[in-house]
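To keep things clear, I will list the structure first and then write my remarks on it.
No lab work stands behind these numbers, since they all come straight from the coordinates. Because the structure is predicted, anything quoted here is derived from the model rather than measured. Don't worry about glycine lacking a Cβ; one is built from the backbone with ideal geometry, like all the others, and counts go over all protein chains shown.
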Amino acid sequence: MAEPPVEVARKPAAKAAKPAAKAKAAVRPAWAELTAEQQKTLAPLKADWESLERERRLKWVGIAKRYPTMKAEEQERVQRRMQRWASLSPEQRRQARETYKQIVKVPPEKRRDLRQQWAEYQALPQHEREDLPTEPRRKK
């Protein structure tokens, strides 16, 4: 005996896609909603803007609002860092965020030591940096 056909309720494809479209549209501010000055300041992030989460967008907008009051050298630093950030892959950004979260937990005196070690590393010629081991030393 053959079983009778079973009716399967199907939602139209257009309706199924709407919630995702609404969720994407809900992420604000959109690039077009930024002022011309904010767009100019945040230009390095334009290509990635639509993929940023709301809290990340708001963080960058906050920086753009403070930008006009920053000293010239601070503005240059912000632009350099923003350009570097924009050049990172999503995985590199995730790793940078994780590293930041770990560093924030380190006591201030240890952070000073880490900054000093980083400055010493940065001062090394490129060929000496390349000769250093890639794995961190393990404490015994």
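Does segment 67-140 come out rounded, prolate or oblate, given a ≥ b ≥ c as the square roots of the eigenvalues of its C-alpha gyration tensor, rounded meaning a/c under 1.5 and, failing that, prolate meaning a/b above b/c? Prolate. Packing, as the average of other Cβ atoms within 10 Å across residues, places the peptides 117-129, 82-94 in the order 82-94, 117-129, highest first.
Please give the FRET efficiency for Arg66 paired with Asp131, using the beta carbon to beta carbon distance and R0 = 35 Å, rounded to the nearest 0.05. Efficiency for this residue pair is about 0.30.
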